[in-house]
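Notes for the one structure printed next.
The values are calculated or read from the model by the stated rules, or taken from the named source; none is laboratory data. Here the structure is a predicted model, which means the values were calculated and not measured. Heads up, the Cβs are rebuilt from the backbone with ideal geometry, glycines too, and the neighbour counts pull from every protein chain shown. Heads up: the accessible areas ignore ligands, DNA and RNA and are worked out on the full protein's heavy atoms, side chains in. Shrake-Rupley method; radii C 1.70, N 1.55, O 1.52, S 1.80 Å.
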Amino acid sequence: MKKTFVFFKSILMIVLMCVPFAFVSCEKEETVYLSSIYETGFEHDWYPSQTSLAGYNREKGYIVNAFKEEFASLGISDMSRFIINGKTADCDKKIKDACKRAEEKLKTKTFYGSWVWHVKRVGLGEPADIYTFSINYDSEESDLDEKDIASVAFAYQNYETDDILEYCNVVIEYTDGSGTKVENVTNPVWTKKFDITPLPSTYSFKKTYTLKADKDMASAKQILFARTSHAYSYQYFNEYGNPIGKSILWDETQNAEYSAGETVANYISNGSFNNSITFTLKGKSVQINREINKLK
């Protein structure tokens, strides 16, 4: 009997901010090839104590100002929603590069809230995630003293549908800083637990999909899949190796969706499903960097 797989809703809620367009050119030449519409905003913003308005505004300001400064270098004055004239791939790259520069600035800041800020391209075809900046923090950790946190134990789970595993080879390349390893995913739930490591600790996961040579996904009437399908947890320890605080679990699994087999097969062939995610833990904050390809 075919296994069933249930995807839970993501903990994140998408917030799209609609304001008048701001226009900027992405090319030095007069010729305009395409126009793409982009939106930015917070998908999730939370602070341990909502009564601490100053702390909430301070951390939110860190994020907004860092990206605002880098977007200004591209001639973008209103970054909540804007149109870029030029080749889409070139413009996407410039936005990503600007975001990564902003991210470097934010590495010097300490966060106690939970924040997810994104850039999406919403014009021309299907919406595409261009970039996401994410820092998670749990309210029940607020009583921890940063100096008491010496190490962390980290665990990661990846989920795949039965349909994807039947028609695709799924490979995860991962590292915890001590070396890179590669594993084939053969079960709907793939779990990797890491030993306790000193802070700061970094964990990276790169996932690649290829079509199985002996299977014909394109002929399938429909395929069940999900693009965001993982959860992670971590537990802090003091210098004596004793756990402090509680174990934190974040489930970012989204609902699965159906598409025609031929459509999904094209996504796989084009590398659209391939993605990577890196977690950096240093004290109370968790920094997350994602690379998600657009569906094409």
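What residue, of Ile292, Ile268, Ile223, is within 13 Å of the chain's Cα centre (by Cα) and either within 19 Å of Tyr174 (Cα to Cα) or buried (at least 17 other Cβ atoms within 10 Å of the Cβ) (or both)? Full working, then the answer.
Numbers: Ile268 fails: within 13 Å of the chain's Cα centre (by Cα); Ile223 fails: within 13 Å of the chain's Cα centre (by Cα).
Criteria check complete, one pass: Ile292.
Out of Thr210, Thr202, report the one residue that is over 27 Å from Glu103 (Cβ atoms), open to solvent by 50 Å² or more (accessible area, probe 1.4 Å), of a type in the set (Ser, Thr, Tyr) and touching a residue at least 40 places away in the same chain (Cβ under 8 Å).
Working: Thr202 fails: over 27 Å from Glu103 (Cβ atoms).
Only one candidate qualifies: Thr210.
Can we say Ile268 is of a type outside the set (Gly, Ala, Ser), more than 21 Å from Glu146 (Cα to Cα) and touching a residue at least 40 places away in the same chain (Cβ under 8 Å)? Can you show your working first?
Numbers: of a type outside the set (Gly, Ala, Ser): yes; more than 21 Å from Glu146 (Cα to Cα): yes; touching a residue at least 40 places away in the same chain (Cβ under 8 Å): yes.
Taking the combined requirement at face value, the residue satisfies it.
Looking at Ile244, Ile292, Ile277, which is the one that is touching a residue at least 24 places away in the same chain (Cβ under 8 Å), within 21 Å of Glu146 (Cα to Cα) and among the β-branched types (Val, Ile, Thr)? So that I can check it myself, show each step before the final result.
On the way: Ile292 fails: within 21 Å of Glu146 (Cα to Cα); Ile277 fails: within 21 Å of Glu146 (Cα to Cα).
Just a single option satisfies the conditions, and that option is Ile244.
So which residues in segment 239-259 are surrounded by 14 or more Cβ atoms within 10 Å (Cβ to Cβ) and not in a strand (DSSP E or B), if there are any at all?
Glu252, Thr253, Gln254, Ala256
Inside segment 75-86, can you point out the residues that are surrounded by fewer than 18 Cβ atoms within 10 Å (Cβ to Cβ) and not charged (D, E, K, R)?
Of segment 75-86, the ones surrounded by fewer than 18 Cβ atoms within 10 Å (Cβ to Cβ) are 75, 77-78, 80, 83, 85.
Residues satisfying the conditions are Gly75, Ser77, Ser80, Ile83, Asn85.
So, of the residues in segment 55-86 that are β-branched (Val, Ile, Thr) and part of a helix (DSSP H, G or I), which turns out to be farthest from Thr278 (Cα to Cα)? Let's see the steps before the verdict.
Taking segment 55-86 as the starting set, the residues that turn out to be β-branched (Val, Ile, Thr) are 63-64, 76, 83-84.
Those left that are additionally part of a helix (DSSP H, G or I): 63-64.
Working: Ile63: 19, Val64: 22 Å.
So, considering only residues that are β-branched (Val, Ile, Thr) and part of a helix (DSSP H, G or I), the one farthest from Thr278 (Cα to Cα) is Val64.
Take the residues of segment 87-111 that are outside any helix (DSSP H, G or I) and either within 19 Å of the chain's Cα centre (by Cα) or without any contact (Cβ under 8 Å) to a residue 12 or more places away in the chain (or both): which is surrounded by the most Cβ atoms within 10 Å (Cβ to Cβ)? It would help to see each step written out before you state the result.
Initially, segment 87-111 is screened for residues outside any helix (DSSP H, G or I), giving 87, 107-111.
Next, from what is left, pick out any that are either within 19 Å of the chain's Cα centre (by Cα) or without any contact (Cβ under 8 Å) to a residue 12 or more places away in the chain (or both): 107-108, 111.
Details: Lys107: 10, Thr108: 8, Phe111: 21.
The selected residue is Phe111.
Hey, could you check segment 156-176 for residues that are surrounded by fewer than 16 Cβ atoms within 10 Å (Cβ to Cβ) and more than 20 Å from the chain's Cα centre (by Cα) and say which is nearest to Gly283 (Cα to Cα)?
By that ranking, first place goes to Asp162.
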